[in-house]
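Colleague: What follows is a single structure, and I will ask about it in a moment.
Read-outs throughout are calculated quantities, based only on the coordinates presented, and are distinct from any laboratory measurement. No experiment lies behind these values; they were computed from the predicted model shown. Cβ sites come from the backbone with ideal geometry, for glycine too, and all protein chains shown count toward neighbours.
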């Protein structure tokens, strides 16, 4: 130190350097040499492997979430379908009662135009209209080919005409469907061709 109180650079001792970051420097203050060919031996390599593991875990969780979401949607769809089927079943039960009332009114109808017949016909037509609004459809069977899925053949009529064989000639009870499914099969009379006897 000079008389003026100034410190000369040659007089100053080298300050002691304390290394706190032991990831990059050795205890003596020299840098640790990083082998770039083996990054797993370094902090960067460890962090990289942790990042890759975190990415794999995120992908696993995302896939699990997608599976869970698709399963939830499938469950929701199945629940809706089952609810609709149950509602259709209940509608069908109510509709059968309505159809029995329509059948009873049709039995009361006669060919005359009396006021009573007209009143019964009006009531029957109103019930048929309500049944159709309910989703029921009356299947027209008369004149068509006999279909055992739609009707039960309860009577047979002999016909000499081969073109009429297997055709419905009379409807004893109408067939009804609900959403394309047969709710009630009809009862019909079917023509059966028999060759006339030769004299």
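Colleague: Among 146, 193, rank each residue by its count of other Cβ atoms within 10 Å, from fewest to most, as a rough exposure measure. Before the final figure, lay out each step's value.
Modeller: On the way: 146 18, 193 14.
In increasing order of surrounding Cβ atoms, one gets 193, 146.
Colleague: Points 7 angstrom from Cα along the Cβ direction at residue 28 and residue 192: gap in nanometres?
Modeller: 11.7
Colleague: At a 10 Å Cβ-Cβ cut-off, how would you order 188, 128, fewest neighbours first? Provide the component values of the computation, followed by the final result.
Modeller: Details: 188 25, 128 18.
Final ranking by Cβ density, sparse to dense: 128, 188.
Colleague: Sorted from largest to smallest, which semi-axis lengths in Å does the alpha carbon gyration tensor of segment 136-199 give for its equivalent ellipsoid, taking the root of 5 times each eigenvalue? Spell out each step's value before the answer.
Modeller: Numbers: eigenvalues 152, 17, 11 Å².
Value: 28, 9, 8 Å, ordered largest first.
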